[in-house]
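For reference, the structure discussed in these notes is given below.
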Amino acid sequence: MAESEQIAAQAAKIKASNRRVFLTLGMVAVLMFGFAFALVPLYRIICDVTGVNSVATNTTRVKASDVVDMVVDRSRLVTIEFDATINGNLPWEFKPSIKKVQVHPGERKQVSYYFKNNADHPVTTQSVPGVTPWQASRHFQKIECFCFNTQTLAAGEEVEMGLLFVVDAELPKEINTLTLSYTIMDIDRGKALEKPDLSAADNDYEGQSARRISMR
Amino acid sequence: MSTVAAHHDDDHHHAPPAGMKRWLFSTNHKDIGTMYLIFSLIMLFLGGGMAMLIRAELYMPGLQLLEPDLYNNMVTNHALIMVFGVVMPAAAGMANWMIPLMIGAPDMALPRLNNLSFWLLPAGATLLIMSVLAPFFGGGAPVNTGWTLYPPLSIQAGMSMDLLIFTLHVLGISSILASINIITTIINMRAPGMTMMKMPLFVWAWFFTAVLLIIVMPALAGGVTMLLFDRHFGTSFFDAAGGGDPVLFQHLFWFFGHPEVYVLLLPSIGVMGVVIPTFSRKPLFGYKSLVWGMVVLTILGCVVWAHHQYTIGMSVFATKYFMIGTILISIPVGLMIFNFVFTMWRGAMTFETPMLFSIAIIIMFSFAGATGVMLAVVPADLQYHDTYFVVAHFHYALIPGALFGLYAGVFYWLPKWTGHMYNEKLGKIFFWWTTIAFNVTFFPQHFSGLAGMPRRIVDYGVQFQEFNVISSIGGFAFGLSHLLFLYIIIQTVRGGKKAPAMPWEGAQIGTSGLEWTVSSPPPHHTFTTPPTVK
């Protein structure tokens, strides 16, 4: 009798312990699921702080007054290349009006981009900049840029918009060329989600390459 | 530590219930283990069939058999089936069968959860097959992303992608539950005297596998859930148009994806840890160091994921960190390899099929380790990235490292599971056939990759044709060899020489494992009164 009671007590103890381990491990799994979502802000912070992600979208915005007494380094010439990409199947034309310019660090420069809305209705877009190499993004400072605002163009409307920038003199010596790339996006997410049927593959492959505007 | 918790279910004292009920409602670790193994065998032929289609398409340059999208869909599903449908369930099946027997437990700690873990698998497999079939019935574009499911391409695919996301959810839940169960069993259900450091290496290997799964599987589930949100609910986790970052998904995926490699590998290391001492007739060399090696592997495996992403343009500091971390992994893995070699050193070796597989693994897996170190080096990887060199590398890692280890386990434990000895002659033929065919298939891919042949593309330049012809012929032979494997298993299940409780002469040398103290096949219920380990 005493022995069977002992066995039952032992069984209950193990059952409780099983429950404890199960709940602990289950909690770990749930926490890790949450960790995946926590990574979204964490990742952004880590990238901002350390700059590990090269395609930095946080190119610097400065006030014109801040760059008034910036020293111009006449001994160096830096080549800035301009690039334009259209995201998804946005029916816009978007290109830089000049392919590249040479500037001295500290010197202000104005260039412009060409926009045209080929859709039969008004469309609002946002341009997102990126600078390569990533080490240069900190030193590429925009005083005025269309990317600071969204652009709404009526059907068929075309426009040129300017970009006033300065590359500061602290740009690392080994960087002689940097590329400024803009990707233009439809900010109406609902519309952007409407995807062409990719199963009609044959025509579509050509369509996609045509959509990417080549630079003049 | 005791095992008297045997009385969870009333039917535990009876013979197994007859008919479908025995399997559908099973809470018996042996039956569930058997179901896991049968499931993965079926999936092996499904995923293998897809591989055969891929090799047939690549036999010649140009498009012959498969549309480009369908080809990429086959590549995607071949990988997902082999990883989630074959290797993981097979390893889980062996864990179910052997861990309670080895540590003297009457069953898994949570038998009903065990039932759920298994029966989620057929549900997941059904979703996966629906995902493959949906495009043929107007379901939009097939999933053509490769198993990594990178956005933005995965955001654009048709409803197949949604089905695949749910597949991953279901299979993920299944393996998380199974892992929780296995850890609980190992912690709570050991027989009196079976201390942690007396457990057979296979149990330890599964312990770390389960730890890894619980840590990384939910991260993947989170990642694909965000993908689902981006596809349908207007969020922009990964869509740059809304301020998201597609590279974040790559980090989430590989945070799961790299430890997953060790999830696939460790159970096979565990199998080798019991097979090699048996046929060397010597205790396992450096048992403690192997356990600690696995601890190091588990930790390092979780913090080096971005070596799959050198080309995304990380900073030099970040790539340097991931490179050094990755190369460090060769230390615990090298330690395991040396321990196995030292176990064989001056042993009285015989070469039964499981041992042949284990030795072949040591050689071929070391080779994969060497190409792995090449790929870990950043400047070299920029050249090799996304070429067939990578394909060759990970097939050398996963086919010997995971699959052959499981084959070794199947041949080693078939007598225990079925009560019959398998046909040793056929087993050896299978070993040589499959090993040679495997090398013929994948060795040339190193060369085509170094010459620049990209992966995941349906067509290739004519200069790669010779390598691909060799690869395809090897591939067909490799696929065909598995019919022999199936035949051997069916033959063994149906009859053959009676197996004694301990079919291998050296099985008990240097180990306290209790699996050989029960008859072959074991009775439906074992260790209902706890055995004692001296």
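Throughout, read-outs are computed from the coordinates displayed, never taken from laboratory work. Keep in mind that what you see is a predicted model, and the values were worked out from it rather than measured. Cβ placement follows ideal geometry from the backbone for every residue including glycine, while neighbour counts extend to all protein chains displayed.
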*How much mean residue ellipticity at 222 nm does chain B get from its helices, if each DSSP H run of length 4 or more adds -39500 (n - 2.57) and you divide by all residues, to the nearest 500 deg cm²/dmol?*
-22000 deg cm²/dmol
*Counting Lys +1, Arg +1, Asp -1, Glu -1, what net charge surrounds residue B:444 among other residues with beta carbon under 15 Å of its beta carbon?*
+1
*Which whole number gives the average count of other chain Cβ atoms within 10 Å of the Cβ atoms across peptide A:13-19?*
6
*asked:* What do you get for the angle between helix B:246-280 and the principal long axis of chain B? Use alpha-carbon atoms, 0 to 90 degrees, nearest ten.
replied: 30 degrees
_Quick check for me: using +1 on Lys/Arg Cβ and -1 on Asp/Glu Cβ, what's the dipole size of chain B about its Cα centre, in debye to the nearest 20?_
1600 debye
*HN-Hα J couplings of the stretch A:21-27 from phi, Karplus 6.51/-1.76/1.60, θ = phi - 60°, integer Hz, Gly and Pro as x?*
4, 4, 5, 4, 5, x, 4
*Tell me which residues come under 5 Å, amide H to amide H, from residue B:387 once H is placed; ignore anything under 5 positions away on its chain.*
B:455
_Once you place label points 7 Å from the Cα toward the Cβ at residue B:447 and residue A:159, how far apart are they in nm?_
6.1 nm
*In the stretch B:126-158, the chymotrypsin sites (Phe, Trp or Tyr not before Pro) that fall in loop regions by DSSP, at most 16 other Cβ within 10 Å*: none
_Virtual paramagnetic centre 7 Å along Cα→Cβ of residue B:505, amide N under 12 Å, in the stretch B:270-307_ = B:279-282
*Which ³J(HN,Hα) values in Hz, rounded to whole numbers, follow from the phi angles of the stretch B:77-89 under the Karplus curve 6.51 cos²θ - 1.76 cosθ + 1.60, where θ = phi - 60° and Gly and Pro get x?*
6, 4, 5, 5, 5, 5, 6, 8, x, 10, 5, 5, x
*asked:* Amide H of residue B:526 versus every other amide H placed in the peptide plane: which residues, excluding those fewer than 5 positions away on the same chain, fall under 5 Å?
replied: none
_Rounded tilt (10° steps) of B:159-188 against the dominant C-alpha axis of chain B_ = 30 degrees
*asked:* Please arrange B:98, B:197 by how many other C-beta atoms lie within 10 Å of their C-beta, fewest to most.
replied: B:197, B:98
*Return the long-range amide H neighbours of residue A:119 (sequence gap of 5 or more, or a different chain), with a cut-off of under 5 Å between placed amide H atoms.*
A:156
*Could you work out the relative contact order of the stretch B:418-534, using alpha carbon pairs under 8 angstrom and six or more residues apart, expressed as a whole percent?*
39 percent
*Using a Förster distance of 35 angstrom, determine the FRET efficiency expected from the C-beta separation of residue A:81 and residue B:330, and round it to 0.05.*
0.30
*Spin-label pair residue A:9/residue A:31, simplified geometry with 7 Å Cα→Cβ offset, distance in nm*: 3.4 nm
*Remind me, relative contact order of chain B in percent, using alpha carbon pairs under 8 angstrom and six or more residues apart?*
20 percent
*Hand me the tally of lysine pairs in chain B: alpha carbons under 18 angstrom apart, and the pair either on different chains or 8 or more positions apart.*
10
*Given A:17, B:318, B:49, which one lies farthest toward the positive end of the charge dipole of the protein assembly as shown, if we put +1 on the Cβ of every Lys and Arg and -1 on the Cβ of every Asp and Glu?*
A:17
*Considering only B:512, B:206, B:435, whose Cα is most displaced toward the positive end of the charge dipole of chain B, charges sitting on Cβ of Lys, Arg (+1) and Asp, Glu (-1)?*
B:512
*Can you pull the one-decimal nm distance between simple spin-label points at residue B:346 and residue A:175, each 7 Å off the Cα toward Cβ?*
6.3 nm
*Taking the dipole about the Cα centre of the stretch B:26-514, with the C-beta of Lys and Arg at +1 and of Asp and Glu at -1, give me whichever of B:408, B:105, B:123 is farthest to the positive side.*
B:105
*Where nothing but the Cβ of Lys and Arg (+1) and of Asp and Glu (-1) is charged, how large is the charge dipole of the stretch A:95-163 around its Cα centre, in debye to the nearest 20?*
420 debye
*Any idea what angle helix B:287-301 forms with the longest principal axis of chain B, computed on alpha-carbon atoms, 0 to 90 degrees, nearest 10?*
30 degrees
_Using each residue's phi in the stretch B:376-381, evaluate 6.51 cos²θ - 1.76 cosθ + 1.60 at θ = phi - 60° and report the 3J(HN,Hα) Karplus result to the nearest Hz, with x for Gly and Pro._
6, 6, 3, x, 5, 5
*Place a label point 7 angstrom from the Cα of residue B:129 along the Cα-to-Cβ direction, then list the residues of the stretch B:41-56 whose backbone nitrogen is under 17 Å away.*
B:41-51
*Express in nm, to one decimal, how much length is gained between residue B:494 and residue B:338 on full extension, taking 0.36 nm for each residue of separation and deducting their alpha carbon distance.*
52.3 nm
*Could you tell me which chymotrypsin sites (Phe, Trp or Tyr not before Pro) in the stretch B:179-277 are loop residues by DSSP with no more than 11 other beta carbons within 10 angstrom of their beta carbon?*
B:233
*Filtered GluC sites (Glu not before Pro), the stretch B:431-534: DSSP coil and at most 15 other beta carbons within 10 Å*: B:505
*Can you tell me the order of A:182-188, B:346-352, B:215-221, A:171-177 when each peptide is scored by its average per-residue count of other Cβ atoms within 10 angstrom, highest first?*
B:215-221, A:182-188, B:346-352, A:171-177
*About its Cα centre, how strong a charge dipole does the protein assembly as shown have in debye, to the nearest 20, once Lys and Arg get +1 and Asp and Glu get -1 at the Cβ?*
2220 debye
*Sorting B:84, A:35 on the 10 Å Cβ count, fewest up front, what's the list?*
A:35, B:84
